[in-house]
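Trainee: I am attaching a structure below and will ask some questions about it afterwards.
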Amino acid sequence: MNPGIQPAASVAVTDSPFDLDNAAAYSAWRDRKLEGYPTRIEDLVVEVNDPRRLSRAEQAAIHRLCRKTNMAIYAGPTGTDPDKGIPKRLGEQFGLSTLDRNMGADDDGITALRVVEGVWRSGYIPYTNRPIHWHTDGYYNTAERRIRALLLHCVSAAATGGENALLDHEIAYIHLRDHDPDEIRALMAPDVMTIPANTVNGKELRPACSGPVFSVLPDGSLHMRYTARTRSIEWRPDPVTRAATEALAAFLASASPYIFRARLQPGQGLISNNVLHDRSGFDNDAVHTRQLYRLRYYERITNT
Ligand SMILES: [Fe+2]
């Protein structure tokens, strides 16, 4: 071969629905995905007798929902019991065991989210009562520490507020791909979203981290990394990326029936493949102090 001539780049079409060159696989997957998709938050809730030891039927019901929507809400009778074993055992029944030990997590890797004053945590919005914009958890993590699953367990609810909006990230993908596949292409670029380094008092706590919004994991599943924050984030400065982020922000702000809203009650929890979520602001009073346990995992929910 003439060394000056390179063969034309060939596009290997895979059978992945997330392959932008395979419209047929996408279309078939999209139809299956949207058929019979739940439309009410009640449809996501599974009543359970003991989250630590689910019955076969309870386990199957939660699993079926997670396969469909990447999330489910379990409603158990444990109320304000602060036992961390409740969410931990629940997660284990779905193959979730490797916890991300982020800053703020206790030694066991489980983070108690509550209003904390006077310590470093109060500088971070999760530990205040302020609203949190749409995001997936660990969007600032490196690829090696991708958060594939997220579990939130409510120990106690606020007096008012503290609602979570929830959106299956595969639905966000469908919305954007139907809008313009080039926007998906832009959001899959490895340098589309950069989180600048986290530096406190001149010490770098976390290096800058670039990565895609959408990526396909080795098991073929779709992963999403996103934050609607506009500070402390750098988007690739090109028109398609801007159009994509605007389209996504508009969808998240819309009254889409795919966006669920839940105010977790004591004993209830969310198990998810790290779907998009936000949190409204809230107010505690003398007896209603919001406390949630957050568990971030490197695994996805088994067989979803
Ligand atoms: Fe979160």
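The values are calculated or read from the model by the stated rules, or taken from the named source; none is laboratory data. For clarity, every value in this text was computed on a predicted model and none was experimentally measured. As a convention, Cβ positions derive from the backbone with ideal geometry for all residues, glycine included, and neighbour counts pool all protein chains shown. Heads up: the accessible areas ignore ligands, DNA and RNA and are worked out on the full protein's heavy atoms, side chains in. Shrake-Rupley method; radii C 1.70, N 1.55, O 1.52, S 1.80 Å.
Trainee: Can you bin the stretch 245-299 into rounded, prolate or oblate? Criterion: square roots of the alpha carbon gyration tensor eigenvalues sorted a ≥ b ≥ c, rounded for a/c under 1.5, prolate for a/b above b/c, oblate for the rest. Intermediate results must be reported in sequence, preceding the final value.
Mentor: Working: a/c = 2.36, a/b = 1.43, b/c = 1.64.
It comes out oblate by the Cα gyration axes.
Trainee: If the elastic network links every pair of Cα atoms under 10 Å, which of M188, M103, M224 fluctuates the most in the Gaussian network model of the chain?
Mentor: M103
Trainee: Can you list the HN-Hα couplings for the stretch 136-147, worked out from phi with the Karplus curve (6.51, -1.76, 1.60; θ = phi - 60°), rounded to whole Hz and with x for Gly and Pro?
Mentor: For the stretch 136-147, the Karplus-derived couplings read 10, 6, x, 5, 9, 7, 6, 4, 5, 10, 4, 8 Hz, x marking Gly and Pro.
Trainee: Roughly how many Å² is the accessible area per residue of the chain, as a whole number, for a 1.4 Å probe?
Mentor: Working: 14650 Å² over 304 residues.
Per-residue accessible area for the chain comes out at 48 Å².
Trainee: Near the amide H of D100, under 5 Å away, which other amide H atoms are found, from residues 5 or more places off or on another chain, if H is placed in the peptide plane?
Mentor: Amide H neighbours of D100, under 5 Å, 5+ apart: R296, Y297, Y298.
Trainee: At most 11 other Cβ atoms within 10 Å plus a DSSP loop assignment makes a site exposed; report the longest stretch of the chain without any exposed trypsin sites (Lys or Arg not before Pro).
Mentor: On the way: sites that count: R40, R231.
The answer is 41-230.
Trainee: Percent of accessible area on the chain owned by carbon and sulfur, 1.4 Å probe? Don't skip to the answer; put the middle values down first.
Mentor: Details: 7550 of 14650 Å².
Result for the chain: 52 percent of the exposed heavy-atom area is carbon or sulfur.
Trainee: Against the longest principal axis of the chain, how steep is helix 169-179, in degrees 0 to 90 to the nearest 10, with axes from Cα atoms?
Mentor: 40 degrees
Trainee: Could you calculate the contour length gain from R206 to E92, that is, 0.36 nm times the residue separation minus the distance between their Cα atoms, to one decimal place in nm?
Mentor: Numbers: separation 114, 0.36 × 114 = 41.04 nm, distance 2.94 nm.
Once the chain is fully extended between R206 and E92, it gains 38.1 nm.
Trainee: Measure out, as a whole number of angstrom, how far apart the alpha-carbon centroids of the stretch 191-214 and the stretch 142-185 sit.
Mentor: 20 Å
Trainee: Roughly speaking, what % of Cα-Cα pairs in the chain are separated by over 25 Å, rounded to a whole number?
Mentor: Details: 23336 of 46056 pairs.
That tail contains 51 percent of the Cα-Cα pairs.
Trainee: I would also like to ask the following. Hey, what do the phi angles of the stretch 190-200 turn into as Karplus ³J(HN,Hα) couplings, whole Hz, using 6.51/-1.76/1.60 and θ = phi - 60°, x for Gly and Pro?
Mentor: So the J values, rounded to whole Hz, are x, 10, 6, 10, 10, 9, x, 4, 9, 10, 10.
Trainee: On to the next question. Evaluate the stretch 130-235: find the radius of gyration of its Cα atoms, find its Kirkwood radius, and give the ratio Rg to Rh. Could the numbers behind the result be given before it?
Mentor: On the way: Rg = 15.6 Å, Rh = 15.6 Å.
Here the Rg-to-Rh quotient is 1.00.
Trainee: If you don't mind, there's one more thing I want to ask. Got a sec? Charge dipole of the chain, +1 on Cβ for Lys and Arg, -1 for Asp and Glu; which of I110, L150, P190 is way out at the positive end?
Mentor: Of I110, L150, P190, it is I110.
Trainee: Place a +1 charge on the Cβ of each Lys and Arg in the stretch 229-287 and a -1 charge on the Cβ of each Asp and Glu, then give the dipole magnitude about the Cα centre in debye, rounded to the nearest 20.
Mentor: Details: 7 positive and 6 negative charges, 16 e Å.
In debye, rounded to 20, the stretch 229-287 gives about 80.
Trainee: With +1 assigned to the C-beta of every Lys and Arg and -1 to the C-beta of every Asp and Glu, and no other charges, what is the dipole magnitude of the chain about the Cα centre in debye, to the nearest 20?
Mentor: Values: 36 positive and 37 negative charges, 103 e Å.
In debye, rounded to 20, the chain gives about 500.
Trainee: Shape verdict for the stretch 179-304, please, from the Cα gyration tensor: rounded (a/c under 1.5), prolate (a/b greater than b/c) or oblate. Don't jump to the answer; show the numbers that get you there.
Mentor: Values: a/c = 1.56, a/b = 1.32, b/c = 1.18.
Note, shape of the stretch 179-304 comes out prolate.
Trainee: Next up: Provide the per-residue ³J(HN,Hα) series for the stretch 201-212, in order, calculated from phi with Karplus coefficients 6.51, -1.76, 1.60 and θ = phi - 60°, each as a whole number of Hz, with x at glycine and proline positions.
Mentor: Working through the residues one at a time gives 6, x, 9, 7, 7, 8, x, 4, 9, 9, x, x Hz.
Trainee: Moving on. Have a look at I62, I184, I41 and tell me which one the Gaussian network model of the chain (Cα, springs below 10 Å) gives the largest fluctuation.
Mentor: Greatest mean-square fluctuation among the candidates belongs to I41.
Trainee: Here's something else I'd like to know. Using 0.36 nm per residue, how much length does the chain from T194 to A112 gain when fully extended, once their Cα-Cα distance is taken away?
Mentor: Details: separation 82, 0.36 × 82 = 29.52 nm, distance 2.76 nm.
Going from the current span to full extension adds 26.8 nm.
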